[in-house]
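First up is the structure itself, then whatever we jot down about it.
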Amino acid sequence: MAIWLRFWAADRWRRAQAPADRPSDRPFVLVETVGPRRQVMAADPRALACGIAPGMGVADAQALRPDLLV
């Protein structure tokens, strides 16, 4: 049996960092550094709806949504 939790990493970080009384409506991504490049490791549903996906460069993601929470 396998369970795929697509948004687990982003949800876990957001719940740990964001105050419960002020949830953010901004799209959110987690970032990793691969060599000299920073890329999106995980994205929440709002970011995915904007066209941001895991593997995309952070600069490209921020060009799509300047208010992106990194």
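The values are calculated or read from the model by the stated rules, or taken from the named source; none is laboratory data. None of these values were measured; they are calculated from a predicted model. No Cβ is skipped: glycine too gets one built from the backbone with ideal geometry, and neighbour counts run over all protein chains shown. Heavy atoms of the whole protein, side chains included, go into the accessibility calculation; ligands, DNA and RNA do not. Shrake-Rupley method; radii C 1.70, N 1.55, O 1.52, S 1.80 Å.
A few remarks follow.
- The label point for Arg37 and the one for Trp4, both projected 7 Å from the Cα toward the Cβ, are 2.3 nm apart.
- When only Cα pairs below 8 angstrom with a gap of at least 6 residues are kept, the chain shows a relative contact order of 29 percent.
- Calculated Rg and Dmax of the chain using C-alpha coordinates, Å: 12.4, 40
- Computed with a 1.4 Å probe over protein heavy atoms only, the accessible surface of the chain comes to 72 Å² per residue.
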